[in-house]
Amino acid sequence: MKKILLLIAALFAFTLISNAKVPIDENANNYTEVKAAHILVGSESKAKALRNRIENGESFSEVAKKYSACPSGEYGGNLGYFGRGKMVKEFEDAAFSLPVGVVSDPVQTDFGWHLIKVYDKK
């Protein structure tokens, strides 16, 4: 019985963690530029698997170098600073709304599935 209760508790905790949402930067509208990096892959499941690896301690930059389909992957996914109107809407909305240092949930655009990490805002 004790093992069953522990299993139920573990499943409940996993459900809470897997349903956790990435925080939103409440000041997103105050910024005109973000410095970000991204990882581009072909499927949501691949993006989720890579996000899990990053959340478990792997370097965003190293994962981008190894798995990103974008040429920026060679540079750890670094896109430098960009302003509003420079990226497709879904990507821009996600990048500007992310707090600095947080990796996004997978973001779908016409190019594929992205993981985005913001390094700075101004």
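The values are calculated or read from the model by the stated rules, or taken from the named source; none is laboratory data. Since this is a predicted model, take the numbers as computed values, not measurements. In this analysis, Cβ positions are derived from the backbone assuming ideal geometry, glycine residues included, and neighbour counts consider all displayed protein chains.
Things to note:
- Flag for F111 being surrounded by fewer than 20 Cβ atoms within 10 Å (Cβ to Cβ), within 17 Å of N29 (Cβ to Cβ) and out of contact with any helix residue (DSSP H, G or I) (no Cβ under 6 Å at 6 or more places or on another chain): no
- Pairs are defined by a Cβ separation below 8 Å, a sequence spacing of at least 6 or placement on different chains, a first member in the stretch 33-50 that is farther than 16 Å from G77 by Cβ, and a second member that is basic (K, R) and not in a strand (DSSP E or B); the pairs so defined are E33/K122.
- For the stretch 88-107, filtering for residues that are of a type in the set (A, V, I, L, M) and either without any contact (Cβ under 8 Å) to a residue 12 or more places away in the chain or in a helix (DSSP H, G or I) (or both) leaves 2.
- Test: residue in the stretch 41-61 that is modelled with pLDDT of 95 or more, of a type in the set (D, E) and touching a Pro at 6+ places or on another chain (Cβ under 6 Å): yes
- One residue alone among Y119, Y75 is at pLDDT 95 or above, surrounded by fewer than 18 Cβ atoms within 10 Å (Cβ to Cβ) and within 13 Å of the chain's Cα centre (by Cα), and that residue is Y119.
- Qualifying positions in the stretch 96-122 - within 17 Å of V41 (Cα to Cα) and of a type outside the set (D, E, K, R): V103, S104, P106, V107, Q108, T109, F111, G112, W113, H114, L115, I116
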